[in-house]
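Participant: This is the structure, below, for whatever I ask next.
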Amino acid sequence: NAGVTQTPKFRVLKTGQSMTLLCAQDMNHEYMYWYRQDPGMGLRLIHYSVGEGTTAKGEVPDGYNVSRLKKQNFLLGLESAAPSQTSVYFCASSYGGRASYEQFFGPGTRLTVL
Amino acid sequence: AQKITQTQPGMFVQEKEAVTLDCTYDTSDQSYGLFWYKQPSSGEMIFLIYQGSYDEQNATEGRYSLNFQKARKSANLVISASQLGDSAMYFCAMRERWGQAGTALIFGKGTTLSVSS
């Protein structure tokens, strides 16, 4: 099992460009998440999904859109990238929503917006 | 208001010593989960330990233990016999309800642990 994978690992964008980050999991997990990590801020929840075809906003959703067309994939889109979106992006998944369920994380995508 | 508070930006300890990383949380939920993750300089998030809100005993996993004081809303991580490989960023997180239908991990800002020989 690959667990949670993220594509790409690194990306540099110019302000105003768009891109999509792909997250895939092979554990048949219902829940998937996108976080961003900035220095001194910890991980902050962007969007999440409780199942195929559903998405919901997290703590910092502005400037991002997501889609969950297939259970195993969760896409994070930046329609018009801004320097403030320079960050490390982590995808995570969990079996369900119970408090005890561990979240498994991908390796992260380092995004720089110039 | 912060949901998860880690008041120690950095901690320094010598090899073989024990160290406690502090974490306090704020929630009105009765059912919640508390997690600690380790993030080494390579960047991946490594799960260390879990404590459920209804668990009466403190969780332990090898050299890691979680000092859970529910009334004080604290969930401190104790690492016994520190090793050089323990040098990393440590995050406390709480799984609770988020939005209408879901739950999610909410993270603290982290504590950087440096272990010296």
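The values are calculated or read from the model by the stated rules, or taken from the named source; none is laboratory data. Here the structure is a predicted model, which is why all the values come from computation and not from measurement. Heads up, the Cβs are rebuilt from the backbone with ideal geometry, glycines too, and the neighbour counts pull from every protein chain shown. These area figures cover heavy atoms from the full protein model, side chains too; ligands, DNA and RNA do not enter into them. Shrake-Rupley method; radii C 1.70, N 1.55, O 1.52, S 1.80 Å.
Participant: Starting from the range B:17-87, pick out the chymotrypsin sites (Phe, Trp or Tyr not before Pro) whose DSSP state is loop and whose Cβ has at most 14 other Cβ atoms within 10 Å.
Facilitator: Here the chymotrypsin sites (Phe, Trp or Tyr not before Pro) that fit, given the DSSP loop and packing criteria, are B:Tyr54.
Participant: Give the relative contact order (percent, whole number) for the range B:1-41; include only Cα pairs under 8 Å separated by 6+ residues.
Facilitator: Computed over the range B:1-41, the figure is 45 percent.
Participant: Now a separate question. Over chain A, what is the relative contact order in percent, taking alpha-carbon pairs closer than 8 angstrom and at least six residues apart?
Facilitator: Relative contact order, chain A: 35 percent.
Participant: Counting heavy atoms of the protein chains only and a 1.4 Å probe, report the per residue accessible area for chain B as a whole number of Å².
Facilitator: 49
Participant: Below 14 angstrom from the Cβ of B:Tyr90, what's the summed charge of the other residues (Lys, Arg +1; Asp, Glu -1)? Could the numbers behind the result be given before it?
Facilitator: Values: positive: B:Lys38, B:Arg63, B:Lys109; negative: B:Asp22, B:Glu44, B:Glu61, B:Asp86.
Local charge sum for B:Tyr90: -1.
Participant: P(r) tail for chain A, what percent of Cα pairs lie past 22 Å?
Facilitator: Within chain A, distances greater than 22 Å cover 25 percent of Cα pairs.
Participant: Students often get this wrong, so check it: of A:Lys14/A:Lys57; A:Lys14/B:Lys3; A:Lys14/B:Lys38; B:Lys38/B:Lys73; A:Lys70/B:Lys70; A:Lys9/B:Lys16, which have C-alpha atoms separated by over 28 Å?
Facilitator: A:Lys14/B:Lys3; A:Lys14/B:Lys38; A:Lys70/B:Lys70; A:Lys9/B:Lys16
Participant: A further question on this structure: Count, for each residue of A:84-94, the Cβ atoms from other chains sitting within 10 Å of its Cβ, then give me the mean as a whole number.
Facilitator: The shielding value for this peptide is 1.
Participant: For the pair B:Glu56/A:Asn1, report the inter-label distance in nm, with labels modelled 7 Å from Cα in the Cβ direction.
Facilitator: 3.2
Participant: Right, another one. Just the number, please: carbon plus sulfur as a percent of the accessible area of the range A:18-114, 1.4 Å probe, no ligands or DNA/RNA counted. Intermediate values should be presented prior to the final figure.
Facilitator: On the way: 2090 of 4050 Å².
Carbon and sulfur atoms account for 52 percent of the accessible area of the range A:18-114.
Participant: R0 = 35 Å: FRET efficiency of B:Ser80 with B:Asp26, Cβ-based, nearest 0.05? Could the numbers behind the result be given before it?
Facilitator: Details: r = 28 Å, r/R0 = 0.80.
Efficiency at R0 = 35 Å is approximately 0.80.
Participant: Listed highest first by mean packing, meaning other Cβ atoms within 10 Å per residue, what order do A:7-17, A:80-90 come in? Walk me through the numbers before you get to the answer.
Facilitator: Working: A:7-17: 12.4, A:80-90: 16.8.
Highest to lowest by the protection proxy: A:80-90, A:7-17.
Participant: Next question. Would you please give the residues with an amide H less than 5 Å from that of A:His47, counting only those at least 5 places away or on a separate chain, with H modeled from the backbone geometry?
Facilitator: A:Trp34, A:Gly58
Participant: Let me ask you something else. If you average the C-alpha positions of the range A:1-70 and of the range B:50-73 separately, how far apart do those two centres end up, in angstrom?
Facilitator: So the two Cα centres are separated by 30 Å.
Participant: A further question follows. Please list, by residue number, every one of the trypsin sites (Lys or Arg not before Pro) in the range A:40-86 that is coil in DSSP and has at most 12 other beta-carbon atoms within 10 Å.
Facilitator: Passing both the DSSP loop test and the Cβ count: A:Lys70.
Participant: Computed on protein heavy atoms with a 1.4 Å probe, what is the summed buried accessible area for the chain pair A and B, in Å² to the nearest 100?
Facilitator: So the total buried area for this chain pair works out to about 1800 Å².
Participant: Could you derive backbone 3J(HN,Hα) for the range B:51-68 from the dihedral phi with the Karplus parameters 6.51, -1.76 and 1.60 (θ = phi - 60°), listing whole Hz in sequence and x where the residue is Gly or Pro?
Facilitator: 9, x, 5, 9, 6, 8, 9, 5, 6, 9, 9, x, 7, 9, 9, 10, 8, 9
Participant: Still on this structure, I have one more. If each of A:Tyr95 and B:Gln69 carries a label point 7 Å out from its Cα toward its Cβ, how far apart are those two points in nm?
Facilitator: Each label point is offset 7 Å from its Cα along the Cβ direction, giving 3.3 nm.
Participant: With just the Cα atoms defining each centre, how far is the range B:74-117 from the range B:1-27? Give it in Å.
Facilitator: With the range B:74-117 and the range B:1-27 each reduced to a Cα centre, they are spaced 8 Å.
Participant: A further question on this structure: If I stretch the segment between B:Ser42 and B:Gln8 completely, what's the gain in nm (0.36 nm per residue apart, minus their alpha carbon distance), one decimal?
Facilitator: Numbers: separation 34, 0.36 × 34 = 12.24 nm, distance 2.15 nm.
Taking B:Ser42 through B:Gln8 to full extension adds about 10.1 nm, to one decimal.
Participant: Of A:Gly53, A:Trp34, A:Thr86, which is farthest along the charge dipole of the range A:1-112 in the positive direction, counting Lys and Arg as +1 and Asp and Glu as -1 at C-beta?
Facilitator: The residue sitting farthest along the positive end of the dipole is A:Thr86.
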